[in-house]
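Participant: One structure, pasted below without further comment.
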Amino acid sequence: QAQNPIIRDQFTADPTARVFNGRMYLYPSHDIHSPVENLKEWFCMEDYHVFSSDNLTDWTDHGVILTQNRIPWVKKDSYAMWAPDCVEKDGKYYFYFPAAPAGAEKGFAIGVAVADSPVGPFRPQFRPIEGVAGIDPCVLVDDDGKSYIYWSGMGLSVAPLSDDMLHLAGSPVRIEGLPEGFKEGPFAFKRDGRYYLTFPWVKDKTETLAYAMSDSPTGPFEFKGIIMDESPTGCWTNHHSLVEKDGQWYLFYHHNDYSPDMDKRRSVRIDTVGFNSDGTIRKVTPTLRGVGVCLSLIHISE
Ligand code: FUB
């Protein structure tokens, strides 16, 4: 009856899940066995796939939506297509992704690709977003129509996005007040009028998932604690998103189930997550059971 990991024919990591038109869409990064010597023991990602599901059990792979060497500003064969996000605004879908920019010795920039459907085709912009240097973009589209982009790089930053979602509409602000040990992978969402900032947090050896809350999308945020403990299998990273579908909240995250000896080849999992009446998040225990109905359970209930 195990449903985790949810994608079983390829590695998937850094899952951002979004509900568009009642269907769950999953935008992960795509770990591969490295074709280049210098990334044999490191993250190696060439492209992005998008997956979707109605029941969180049966997933459709819609194929490659972006690949590194077809994006004008990305350094050729850099294999650094790290954690992405995708949001919808006014019927258009905006896919945000970090990558190594051509012409730079090191570092990351964040680009946008735009589509009319959640599965593409996505058209990348010619240049990355000016004023953003870092990884792991997350975009929050607020109820008043304003959008904010969060990213990590020398700490955690947030900036308003322009109405067309392609540029910064103000200077980035550093989010303060998080405990030491914040590294990467911020995910922001709003629930019952409160803003949540969830993030991987190295409290001891590897990344836990933790969170903070605020009354404003740009903070100040108050640290609230841990959502998920360190991976029991020693996967150094964890990267996640929280999303509501049909009244149930889900935590998408990754472990290294299919690569126990090398934690840079990861696999996406889902477990349910709940909230207390004061809005705080209940801690999640990772399971192999996961979520979604599987055939054997249907037979039992019949
Ligand atoms: O997947 C590459 C990097 O590992 C991501 O950008 C981080 O969040 C971590 O999961």
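The values are calculated or read from the model by the stated rules, or taken from the named source; none is laboratory data. Computed from a predicted model, the values in this text were never measured in an experiment. All Cβ positions, even for glycine, are placed from backbone atoms using ideal geometry, and neighbour counts span all protein chains on display. Calculation scope for accessible area: heavy atoms of the full protein, side chains included, ligands and nucleic acids excluded. Shrake-Rupley method; radii C 1.70, N 1.55, O 1.52, S 1.80 Å.
Participant: Among Ile71, Ile110, which is away from the ligand (no atom under 16 Å from the Cβ), open to solvent by less than 10 Å² (accessible area, probe 1.4 Å) and out of contact with any Asp or Glu (no Cβ under 6 Å at 6 or more places or on another chain)?
Facilitator: Ile71
Participant: Let me ask something additional. Look at the stretch 185-206 and say how many of its residues are within 15 Å of the ligand (Cβ to nearest atom) and at negative phi.
Facilitator: 10
Participant: Next up: Determine which member of the set Glu244, Glu230 is acidic (Asp, Glu), assigned to a strand (DSSP E or B) and under 28 Å from Gly177 (Cα atoms).
Facilitator: Glu244
Participant: State all residues of the stretch 5-17 that are farther than 11 Å from Arg266 by Cα and surrounded by 22 or more Cβ atoms within 10 Å (Cβ to Cβ); if no residue qualifies, say none.
Facilitator: Result: Ile6, Thr16, Ala17.
Participant: Name the pairs: first residue in the stretch 122-135 and on the phi > 0 side of the Ramachandran plot, second residue aliphatic (A, V, I, L, M), Cβ to Cβ under 6 Å, at least 6 apart or on different chains?
Facilitator: Between residues of the stretch 122-135 that are on the phi > 0 side of the Ramachandran plot and residues that are aliphatic (A, V, I, L, M), the close pairs are Gly131/Leu168.
Participant: Could you check how many residues of the stretch 7-38 are within 18 Å of Cys235 (Cα to Cα) and among the aromatic types (Phe, Trp, Tyr)?
Facilitator: The qualifying residues number 1.
Matching residues to (1) touching a residue at least 60 places away in the same chain (Cβ under 8 Å); (2) under 21 Å from Trp236 (Cα atoms):
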position: Lys40; (1), (2): no, yes
position: Phe51; (1), (2): no, no
position: Leu66; (1), (2): no, no
position: Ala80; (1), (2): no, yes
position: Phe95; (1), (2): yes, no
position: Ala100; (1), (2): no, no
position: Glu105; (1), (2): no, no
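Participant: Out of all the residues in the stretch 88-118, which are touching a strand residue (DSSP E or B) at 6+ places or on another chain (Cβ under 8 Å) and not in a strand (DSSP E or B)?
Facilitator: Ala100, Ala102, Gly107, Phe108, Asp116, Ser117, Pro118
Participant: Another question about this same structure. Out of Glu244, Glu180, Glu184, which single residue is surrounded by 20 or more Cβ atoms within 10 Å (Cβ to Cβ) and among the acidic types (Asp, Glu)?
Facilitator: Glu184
Participant: When residues of the stretch 247-262 are filtered for being open to solvent by 40 Å² or more (accessible area, probe 1.4 Å) and either more than 26 Å from Val19 (Cβ to Cβ) or without any contact (Cβ under 8 Å) to a residue 60 or more places away in the chain (or both), how many remain? Walk me through it before giving the result.
Facilitator: Here is the first cut: in the stretch 247-262, the ones open to solvent by 40 Å² or more (accessible area, probe 1.4 Å) are 247-248, 257-258, 260-261.
From what's left, either more than 26 Å from Val19 (Cβ to Cβ) or without any contact (Cβ under 8 Å) to a residue 60 or more places away in the chain (or both): 247-248, 258, 260-261.
Number of matching residues: 5.
Participant: Test Glu88 against the criterion of being open to solvent by 40 Å² or more (accessible area, probe 1.4 Å), within 16 Å of the ligand (Cβ to nearest atom) and at pLDDT 95 or above, and give yes or no.
Facilitator: Taking the combined requirement at face value, the residue does not satisfy it.
Participant: Among the numbered criteria (1) away from the ligand (no atom under 16 Å from the Cβ); (2) assigned to a loop (DSSP other than H, G, I, E, B), which one does His33 miss?
Facilitator: Only one criterion in (1) away from the ligand (no atom under 16 Å from the Cβ); (2) assigned to a loop (DSSP other than H, G, I, E, B) is unmet by His33, namely (1).
Participant: Counting only residues that are open to solvent by 10 Å² or more (accessible area, probe 1.4 Å), acidic (Asp, Glu) and assigned to a strand (DSSP E or B), how many does the stretch 197-226 have?
Facilitator: Qualifying residue count, the stretch 197-226: 1.
Participant: Okay, next question. If I go through the stretch 36-55 residue by residue, how many of them are touching a strand residue (DSSP E or B) at 6+ places or on another chain (Cβ under 8 Å) and away from the ligand (no atom under 16 Å from the Cβ)?
Facilitator: Qualifying residue count, the stretch 36-55: 5.
Participant: Next up: With respect to Asp61, is the statement that it is at pLDDT 95 or above, within 30 Å of Lys245 (Cα to Cα) and open to solvent by 70 Å² or more (accessible area, probe 1.4 Å) true? Talk me through it step by step, then tell me what you get.
Facilitator: Values: at pLDDT 95 or above: yes; within 30 Å of Lys245 (Cα to Cα): yes; open to solvent by 70 Å² or more (accessible area, probe 1.4 Å): no.
So Asp61 does not fit the description; no.
Participant: Within the stretch 276-285, work out how many residues are within 22 Å of Asn55 (Cα to Cα) and either of a type in the set (Lys, Arg) or open to solvent by less than 60 Å² (accessible area, probe 1.4 Å) (or both).
Facilitator: 1
Participant: Consider Val293 against the criteria (1) at pLDDT 95 or above; (2) surrounded by 13 or more Cβ atoms within 10 Å (Cβ to Cβ): it satisfies all of them except one. Which criterion is unmet?
Facilitator: Every condition holds for Val293 apart from (1).
Participant: Among the residues that make up the stretch 119-136, is at least one of them under 17 Å from the mean Cα position of the chain (by Cα) and assigned to a strand (DSSP E or B)?
Facilitator: yes
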